[in-house]
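Notes follow once the structure below has been shown.
Throughout, read-outs are computed from the coordinates displayed, never taken from laboratory work. Note that the structure is a prediction, hence the values are computed from the model and not measured. Cβ coordinates were reconstructed from backbone atoms using ideal geometry, including for glycine residues, and neighbour counts include every protein chain displayed.
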Amino acid sequence: MKKYILLVFIAFATSNIKAQNIQTADYFVGLGERFSYKKQYDSAIWAFKYVLENFPNKNQECSRAMFRIAGVYERDSVGMALKWYNKIIDSEKVNDKDKGMDLLEPYANYKHNSCIRIAALQAKRKNYDESLRYLDLALHTYKFNTYVATSFESKMVNIAQNQSEYYKQLGYDDSAIYILVQKIFDTNIKYRLPEMDEKSSNEVDFYGKISITAAKLIDNKYGLGPFKFELNKALGKMKVKKDSKNHLAVCTFKLYGITYKITSTLDFYKKANFIYDFKASKLWIELEKG
């Protein structure tokens, strides 16, 4: 009965659209989004697929419709959602730099976000190796496009948190710790104080949160005191040099057999500056609790 009502509605909607002469791809994308908002998911999928079937050369609208279809399928069919997200990644017509789907985000990042969603869905299935593979694609192949600094940092920190969790689930505690500590180190520490989020006008403290998470992992694996002692020694042996273009500082040190590499501005060219800034960080404060 439900399917019959849907078919009647679609027939009515289509005839009404023809009568109003408003058959545009953008209209049907908007229609599908309104159906989704009202939780009329079957109708939403119909509208989005109508775009794909009737406006195949409208790349921007088709890309958006595909991403929305995948999102709707996440509700009750992980398999179908994975299929559609992979379609987006494989499509040569999809452009991550299309206009964003959020008023405050300039680019759509369809392929990047599809990788993120696949990683999350695979984690639900406990396929953590696959989750890590897609996060690697999101970081290096389909990179996040934005000019909003807070959005970029939020995205990168979120990816690092997820990578760490997946490594932990696989039993690779060393890698779980490395991912978070490397992320805390990877740009100028002195700029990692709480800041204002451009979107919400609220204060955000990305690195404080992952420092606490890292400290808990460190305490379970090594103990806070022993890790701090080894880290202090490693920082003392850290090598710092300028890059080949003389624009950046490249800092490297080895800790528990793992090499850390930090590429940052020339503010860190002096090792003492780097160590001084790090010892004011939230992670060091957490380590001192040991």
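The table that follows gives values for the structure above.
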quantity	calculated
Coil-residue GluC sites (Glu not before Pro) of region 33-136, DSSP, other Cβ within 10 Å capped at 13	Glu92
Net charge of neighbours whose Cβ lies under 14 Å from the Cβ of Leu82, counting Lys and Arg as +1 and Asp and Glu as -1	+3
Out-of-range pairs (alpha-carbon distance over 20 Å; input Lys228/Lys271; Lys143/Lys242; Lys237/Lys261; Lys124/Lys209)	Lys143/Lys242; Lys124/Lys209
Net charge, Leu139 excluded, C-beta distance under 13 Å - Lys, Arg +1, Asp, Glu -1	+3
Euclidean distance of C-alpha centroids, region 140-173 and region 233-290, integer Å	21
Burial ordering of Tyr147, Tyr128, Tyr269, fewest other beta-carbon atoms within 10 Å first	Tyr147, Tyr269, Tyr128
Dipole of region 21-147, positive end: most advanced residue of Ala47, His140, Leu121 [Cβ charges, Cα centre]	Leu121
Kirkwood hydrodynamic radius over Cα pairs of region 21-147, then Stokes diffusion coefficient at 4 °C and 1.567 mPa s, in µm²/s	87
Radius 13 Å from Cβ of Tyr166, net charge of other residues (Lys, Arg +1; Asp, Glu -1)	0
Cβ-based exposure ranking for Met66, Met156, in which fewest neighbours within 10 Å come first	Met156, Met66
